[in-house]
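Everything below concerns the one structure shown next.
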Amino acid sequence: MQSGSVELLTRSREVSSLAKVLSRETRIGVDTESNSRHGYPERICLVQVATNDSVYLIDTVAVNDIGPLLEVMQDRSILKIMQGAEYDIRCLHRDWGCRPTNLFDTSVGARFIGMEKFGLSVLIEVLLGIKIPKESRIQKSDWSKRPLSPEAVDYAATDVRHLLDIHEILEERLRTLSRLSWVSEECVRLEWIRYVEPNPET
C-alpha cells in the first residue's frame, strides 16, 4: 500500500470500532513510538496499524482504553508484520502486559534472503523502489507532546504503510529459497520476549 487514508484515533470508542475492523483482517502492519529519549519511565505514545487500504494511528496519550486493540495483537489468526519487533514487543508487554502472537519481523526476513542492510528505509528502497527520507529529528522527537505535527503523523504512517508489501516480497523470496520455516522459527522466539524491569540500584 503506497498510499491510502491515515486516521488518527483519540477516543476509546474509535479504538473499539477499529478492533472490529482489524479482526476481519488476515494480516496487519504494526509499529509503536515511545518517548524513551524524553521521559522516565518511558511509555508508548502512539501505536500505528496498517491494513491493505488504510493506516491508523492510535494516540495512546489520549485514549483511555486500548484493550480491544491488544486483543487483536494477541489473536493468532491475524499475522502481525513488524520491523525490528523486539523493542516494540518489550514496550507492549511493559505498558499493558500485551504478548503479541503470530509475528513476522521484516528485518529477520531480510537477513534470511541475504540482505546486508535491513533498516526499514533500506527495505522500502531496495524491495519496493521507493526512496523515503527518514528524518532523525522527528524520530528522536518527544512523541508524548500534543498536538502531533503533520510531519510526525506522516513519519509514523510511513513506518507501517509499506510493511504488507514488503512482507509479500520477502515471503515469496523466502519460499523460493526454502527458508520461510527458518524465519517462522525466529519469529516464534520473538513471542517469548518479555519486558524485564531494570534494577533501580544499577
Q: Give the number of residues within the range 120-153 that are over 22 Å from Ser107 (Cβ atoms), without any contact (Cβ under 8 Å) to a residue 40 or more places away in the chain and surrounded by fewer than 17 Cβ atoms within 10 Å (Cβ to Cβ).
A: 6
Q: Of the numbered conditions (1) over 30 Å from Leu127 (Cα atoms); (2) of a type outside the set (A, V, I, L, M); (3) outside any loop (DSSP other than H, G, I, E, B), Asp65 fails exactly one; give the number of that condition.
A: (3)
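Inspect the range 15-27 for any residue being part of a strand (DSSP E or B), open to solvent by less than 40 Å² (accessible area, probe 1.4 Å), out of contact with any Cys (no Cβ under 7 Å at 6 or more places or on another chain) and over 30 Å from Asn199 (Cβ atoms) and give the result as yes or no. Write out each step before concluding.
Of all residues in the range 15-27, those part of a strand (DSSP E or B) come to 27.
Now drop any that are not open to solvent by less than 40 Å² (accessible area, probe 1.4 Å), which leaves 27.
From the residues that got through so far, the ones that are out of contact with any Cys (no Cβ under 7 Å at 6 or more places or on another chain) too are 27.
If we keep only those that are over 30 Å from Asn199 (Cβ atoms) too, we end up with 27.
Scanning the range 15-27 turns up at least one residue that is part of a strand (DSSP E or B), open to solvent by less than 40 Å² (accessible area, probe 1.4 Å), out of contact with any Cys (no Cβ under 7 Å at 6 or more places or on another chain) and over 30 Å from Asn199 (Cβ atoms).
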Q: With the condition kept exactly as written, say whether any residue in the range 82-100 is touching a His at 6+ places or on another chain (Cβ under 6 Å) and not charged (D, E, K, R).
A: no
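Hey, can you tell me all the residues within the range 187-201 that are of a type in the set (Asp, Glu) and either open to solvent by less than 70 Å² (accessible area, probe 1.4 Å) or out of contact with any helix residue (DSSP H, G or I) (no Cβ under 9 Å at 6 or more places or on another chain) (or both)?
Glu191, Glu201
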(Q) Only one of Ser77, Ser12, Ser3 is open to solvent by 70 Å² or more (accessible area, probe 1.4 Å), over 14 Å from the mean Cα position of the chain (by Cα) and at pLDDT 95 or above. Can you tell me which? (A) Ser77
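The values are calculated or read from the model by the stated rules, or taken from the named source; none is laboratory data. These numbers come from a predicted model, not from an experiment. Heads up, the Cβs are rebuilt from the backbone with ideal geometry, glycines too, and the neighbour counts pull from every protein chain shown. Quick note on the areas: whole protein, heavy atoms, side chains included, nothing else; ligands and nucleic acids left out. Shrake-Rupley method; radii C 1.70, N 1.55, O 1.52, S 1.80 Å.
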